[in-house]
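Each remark here refers to the structure printed beneath this line.
The numbers here are math on the coordinates, done by the rules we state, and not lab data. Since this is a predicted model, take the numbers as computed values, not measurements. Counting neighbours? That spans all protein chains shown, and the Cβs are built from the backbone with ideal geometry, glycine included.
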Amino acid sequence: MQCPYEHALYVRVDNDDILLVSLYVDDLILTGSSPQMIKLFKKAMAKAFDMTNMGLMSYFLGLEVKQGVDDIFMTQEQYAKEVLKRFRMGDCNPINTPVDCRTKLSKSDEGKTVDPTHFKSLVGSLRYLTCTRPNILYRVGLVSRFIEEPKETHWKAAKRILRYVRGTLNHRLFYSHSNNSQLVGYSDSDWGGDCDD
């Protein structure tokens, strides 16, 4: 069944077992709780389509995956290096935080307007990098608000994120196998932090 929230994701549930299949053009990524269910799916797909089993995923769309017996590491280190190079920040001085707490960004910021296409490209690259870098998500979300009419202050804030990424290239996500894993989400409302509201 196609997921109603993510149209490239298909989900099959049989009793307590689940199969997840992600589709990108002509590539499939699949996982599930039952090795037998995965095996049957692969067999059915091979019967219907000419396909190659590439084994465990190690690289996909800029995402590097290292799978161990009981753990998985995910990173976009190479992608981050490419982004730094594309925006001429490959040799920039790294910093310790992606946010300058003294800077409040606003749509009414004064200053020179920067090229919106170039700014959108940078923000889009940073947004994709958040797949494995939740530590930049907050600030990337903030600079994303200004893609229509970016000013020099917004550009500098986005470049500051790149400087932080440069200093933390080796950061990665780590998932370990555990029978008591829980998915937990957090939210923080800041009613006074948005200068434009």
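Data overview
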read-out: Translational diffusion of region 9-55, µm² s⁻¹ [Kirkwood Rh, Cα pairs; Stokes-Einstein; 4 °C; 1.567 mPa s]; value: 116
read-out: Net charge of neighbours whose Cβ lies under 12 Å from the Cβ of PRO35, counting Lys and Arg as +1 and Asp and Glu as -1; value: +1
read-out: Cα convex hull volume per residue for region 75-167 (Å³); value: 91
read-out: Assigned charges on the beta-carbon of Lys, Arg, Asp, Glu; region 105-167 dipole about Cα centre (debye); value: 340
read-out: Distance-filtered residues of region 164-187 - backbone nitrogen under 13 Å, label point 7 angstrom along TYR138 Cα→Cβ; value: 186-187
read-out: √(5λ) per eigenvalue of the Cα gyration tensor, the chain, largest first, Å; value: 38, 19, 18
read-out: Distance-filtered residues of region 70-90 - backbone nitrogen under 20 Å, label point 7 angstrom along SER121 Cα→Cβ; value: 78-90
read-out: Members of LYS47/LYS120; LYS39/LYS120; LYS81/LYS151; LYS66/LYS107 lying beyond 31 Å, as alpha-carbon distances in this model show; value: LYS47/LYS120; LYS39/LYS120; LYS66/LYS107
read-out: Added length on full extension, which subtracts the Cα-Cα distance from 0.36 nm per residue, LEU61 to LEU20; value: 12.9 nm
read-out: Charge sum, other residues only, whose C-beta stays under 14 Å from ARG127's C-beta, Lys/Arg counted +1 and Asp/Glu -1; value: +4
read-out: Listed residues LEU9, ALA44, GLY32: farthest to the positive end of the dipole of region 9-55 (Cβ charges); value: ALA44
read-out: Sorted by Cβ neighbour density within 10 Å, fewest at the top, the residues MET37, MET54; value: MET54, MET37
read-out: For peptides 100-112, 152-164, sequence by mean Cβ density within 10 Å, most packed first; value: 152-164, 100-112
read-out: Which of CYS131, CYS3 has the fewest Cβ neighbours within 10 Å, and the rest in rising order; value: CYS3, CYS131
